[in-house]
Amino acid sequence: MYSEFNLRKAIRDREFIPYYQPIISSCSGDIIGCEVLSRWAHPAHGVVEAWCFIREIERYDLAGLLTQIIMEDVLADVVMLNNNRFHDFMVTMNVTLSLIFDPVFRQYMVELNGRLTRAGVMPVFEITEREDIHLFPDAAQIFLQLSCEGIQFAVDDFGRGYAGESLLFVSMASFIKIDRQYIANPFCPVASAFIDNAIHLARVTGTRVVAEGVETQQQAENLRARGVEYLQGYYYGAPSPFGLFNYQLKGKPAAVLN
């Protein structure tokens, strides 16, 4: 538990930094993008993962400010990507529904989307699972407006919390990110059925599928055989600072999203 004072001070002192986790094409094995994850370079505790502080960040209404601080670093990093040769290298970041429906932050999203696109990457905003889309009036209109601005969304942690079909349809998301709980044991009948249903839903809606939490070769091969397009997890690389992530890209051909 972190106090509002400590969190605000850490944001002001730029102690929060971006880490990058690769997203892999299941067909080619190439790195086709990354997810941006927040880390706290705590002066006493070392690098602190987001799950330790994100609830307090949201409780104290600091998520928008934290996102802006993190993304300024990301904007400086992406222009140096070793793999930055096409405008389709995917860079994803988490946003809550509350942020999306804040008019001020929504304008920031449009501006950020433009800046990242001009920097040579394809931004995707991952909608987190903790809020119910039914509680947001005019949701369809807002997402249509953002879609017309060229903004792409992913439903994060699909199958957990409120991340389900309603959110997928209303947000007009381009990606489904299957929650790691189903990836842990894809041979479990329930998990297997959920994965197959998610893939079928993606085919019907023209959505692409990312499997999160891939930790073994067996999981990767099973998901690839089922038709999951993109894979993410510790089997392919842990979240890391930009320098290490960029080193992974060095010398690799730029993959093109299909």
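The values are calculated or read from the model by the stated rules, or taken from the named source; none is laboratory data. What you are looking at is a predicted structure, and each value in this text was computed from that prediction instead of being measured. Positions of Cβ are backbone-derived with ideal geometry, glycine not excepted, and every protein chain shown enters the neighbour counts. Remember, those area values only see protein heavy atoms, side chains included, never the ligands or the DNA or RNA. Shrake-Rupley method; radii C 1.70, N 1.55, O 1.52, S 1.80 Å.
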Looking only at the stretch 148-177, which residues are in a loop (DSSP other than H, G, I, E, B) and crowded, with 24+ Cβ neighbours inside 10 Å?
-> Ala163, Ala173
Out of all the residues in the stretch 168-191, which are farther than 22 Å from Glu149 by Cα and in contact with a strand residue (DSSP E or B) (Cβ under 7 Å, 6 or more places away or on another chain)?
-> Lys177, Ile178, Asp179, Ile183
Quick one: count up the residues across the stretch 117-137 that are farther than 26 Å from Tyr162 by Cα and either surrounded by fewer than 20 Cβ atoms within 10 Å (Cβ to Cβ) or of a type in the set (Gly, Ala, Ser) (or both).
-> 4
What helices (runs of 4 or more DSSP H), lying completely within the stretch 1-119, carry at least 3 residues that are farther than 24 Å from Val210 by Cβ and not basic (Lys, Arg)?
-> 4-12, 63-78, 103-118
Condition check for Gly114: among the small types (Gly, Ala, Ser), in contact with a strand residue (DSSP E or B) (Cβ under 7 Å, 6 or more places away or on another chain), farther than 21 Å from Cys27 by Cα and open to solvent by 10 Å² or more (accessible area, probe 1.4 Å) | no
Val47 being closer than 21 Å to Tyr247 by Cα, open to solvent by 30 Å² or more (accessible area, probe 1.4 Å), of a type outside the set (Asp, Glu) and touching a Phe, Trp or Tyr at 6+ places or on another chain (Cβ under 9 Å) | yes
In the stretch 198-215, what residues are assigned to a helix (DSSP H, G or I) and open to solvent by 30 Å² or more (accessible area, probe 1.4 Å)?
-> His200, Arg203, Val204, Thr205
Identify the residue in the stretch 172-198 that is more than 15 Å from the chain's Cα centre (by Cα) and among the hydroxyl-bearing types (Ser, Thr, Tyr) and, among all such residues, is nearest to Ile133 (Cα to Cα).
-> Tyr182
Would you be able to say whether some residue in the stretch 216-229 is surrounded by 20 or more Cβ atoms within 10 Å (Cβ to Cβ) and of a type in the set (Lys, Arg)?
-> no
